1. Do we find a residue being within 18 Å of residue 247 (Cβ to Cβ), at pLDDT below 95, part of a helix (DSSP H, G or I) and in contact with a strand residue (DSSP E or B) (Cβ under 8 Å, 6 or more places away or on another chain) anywhere in region 162-172?
2. Just one of (1) free of Cβ contacts under 8 Å to residues at least 24 places away in the same chain; (2) within 19 Å of residue 22 (Cα to Cα) trips up residue 344, so point out which.
3. Could you list all residues from region 126-142 that are outside any loop (DSSP other than H, G, I, E, B) and touching a Lys or Arg at 6+ places or on another chain (Cβ under 9 Å)?
4. Of all residues in region 262-285, how many are within 15 Å of residue 367 (Cα to Cα) and either in contact with a helix residue (DSSP H, G or I) (Cβ under 8 Å, 6 or more places away or on another chain) or modelled with pLDDT under 90 (or both)?
5. Of all residues in region 208-245, which are under 26 Å from residue 131 (Cα atoms), surrounded by 20 or more Cβ atoms within 10 Å (Cβ to Cβ) and in contact with a Pro (Cβ under 8 Å, 6 or more places away or on another chain)?
6. Checking the conditions here, which among 117, 50 is in contact with a strand residue (DSSP E or B) (Cβ under 7 Å, 6 or more places away or on another chain) and part of a helix (DSSP H, G or I)?
7. Assess whether residue 288 counts as being assigned to a helix (DSSP H, G or I), at pLDDT 90 or above, of a type outside the set (A, V, I, L, M) and farther than 22 Å from residue 227 by Cα.
8. Got a number for residues in region 77-107 being out of contact with any helix residue (DSSP H, G or I) (no Cβ under 8 Å at 6 or more places or on another chain), touching a residue at least 40 places away in the same chain (Cβ under 8 Å) and within 17 Å of residue 122 (Cβ to Cβ)?
Amino acid sequence: MFRASNTVVAVLVGLAQCAFALRLAFVLRRRRRAAPPARWPAVSVIVPCKFLESQSGELDGNIRSLLAQDYPGPHEYLFVCPREADPARARLLELLEGNSSCRLLVSDASPSRCSEKNLNLLYAVERARPETGIFAFADCDMRVPPDWLRGLVVALADRAAGASTAPAAYVAHERKPLAFLRMAWMCLPTAAMAAAPLVCGYSWAIRREDFAGLNVAELWRRSLIEDFVLNPLLRSKGRAVAWSAGGLPACLEQVTGACFLGTFTKGLRYCRVYSFPIWVVSGLWAFGKLYLWMFFFRARMPAVFALMAALDMAAAAGAMSAFMRLAPETFAGLHPFWRRWAVPLAALAVPAWPPLLAAAFAASAFSSTVRWGGYTYQVKGPLDVRVSGGTA
C-alpha cells in the first residue's frame, strides 16, 4: 500500500511537471497572436543602473538593445544611478550621448526602510513625462529583443491585466558547466510561471493609473523587492498578470561558484517573506523529490525509479525545447558549445536539481539578512525592512 501511494505521487508530480512544459509551449506560441492597441500609448522605460562586477562585460550590449526598441508610439528612457561617481554612470554618458529620448538621472538614494533599487525606481517615476501612460521597467543586466517594449504594451491591452511581464531566461553565453546548469535549472520554474504568471521585476510594465490607484509607491517605500510585494497586491484586487506578447529578455551575467547557490537562495528567501505559499511548495517539491528518489532506490523498484527519472527528464527537455524553438531571439547569445546539445543536456541535468533546491531552501529558512549592492537588509516582514551599510 505504501509503495503504491508513493508511486502514484511520483507519477502525478512528474506529469504535472510535463504539463507545465506543455503550458509553456502553448503560452509562448499564443503570445505572438495578441492584437495591438488601437492607439500606442506614451511609455517611460525606467532602467536602474549600478555597477556590478558580474554584469560589467555585458552592460554596453544590454543598453544598446533597450535603445533599439521597435515601438511605434512615443517613448522615453530614464536611466537612474544611485551616485554620480558610480562607474555605470560614466559608461552611460558615452552610450547615451546625443540621444534625445534618454535622460540620465542620479537619485542620491539613501535607503533606511526599503531597498536602494526601490528608491531609484521611485525617483525616475516621479520624473516621467506628464503624457506617459505606461511605466515599463527593465534591469540593466537584461538583453532585450527589438519587440520587447511593444510586447509589454500589447499585453496591457487586456483591461483585466494589472501588469504585464516578460520573464527572462538565463542564457549560458560562456562555456562553463555552472552557466549551463543555471540555464537548465531555471527552465522548470519559468515553465511553472506560465501556468500562474507573476510580475518579474527585471522586465515588466504597468499603467500609470494603476500604479497610482494601487498605491504602489507607498509599498515600495517600505519593502525590499518591487515585484514580490506587487504580486499579492494584484491578487487581492482581482487583477491578472499578463505575459508579454513580444520577445523575452536574456540574462547574460557571469556565473561564479560563489554566487551560484546564492542566486537560488536569495530568490527563495524573498519567497519566504513575500510569497510564503510558493516557498512552501518549493520546499515540498524539493524534499519530496529527494525522499521519493531514496525510497524507490532502497525499495529496489527500478521500473518506478526509471519512470520518475523519465518524467523529470521529459519535463526539463520539453521546457528547454519550448524556449529555444519559440523564443529563438532570447537564445541568440547561447554559447555554440551548448547550442547543439542543450535539450538532451537539460534532461540529464534535472536529477541534480532537487538536491540543490533543497539546499537553497534550507539556507533560506534560517536567515532574514540580504546583502545586496553594498547594503545589508534585515527583512523582518513584507513591509518591515531595516538597512545598514552603504556605498559612496
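1. Checking region 162-172: not a single residue is within 18 Å of residue 247 (Cβ to Cβ), at pLDDT below 95, part of a helix (DSSP H, G or I) and in contact with a strand residue (DSSP E or B) (Cβ under 8 Å, 6 or more places away or on another chain).
2. Status for residue 344: all satisfied but (1).
3. Residues satisfying the conditions are 134, 135.
4. Result for region 262-285: 14.
5. 241, 242, 243 - these are the residues of region 208-245 that are under 26 Å from residue 131 (Cα atoms), surrounded by 20 or more Cβ atoms within 10 Å (Cβ to Cβ) and in contact with a Pro (Cβ under 8 Å, 6 or more places away or on another chain).
6. Answer to the selection: 117.
7. So residue 288 passes the test.
8. Residues that pass the stated criteria total 0.
The values are calculated or read from the model by the stated rules, or taken from the named source; none is laboratory data. All figures in this text were calculated on a predicted structure; none of them were measured in a lab. Backbone-built Cβ (ideal geometry, glycine too); neighbour counts: all protein chains shown.
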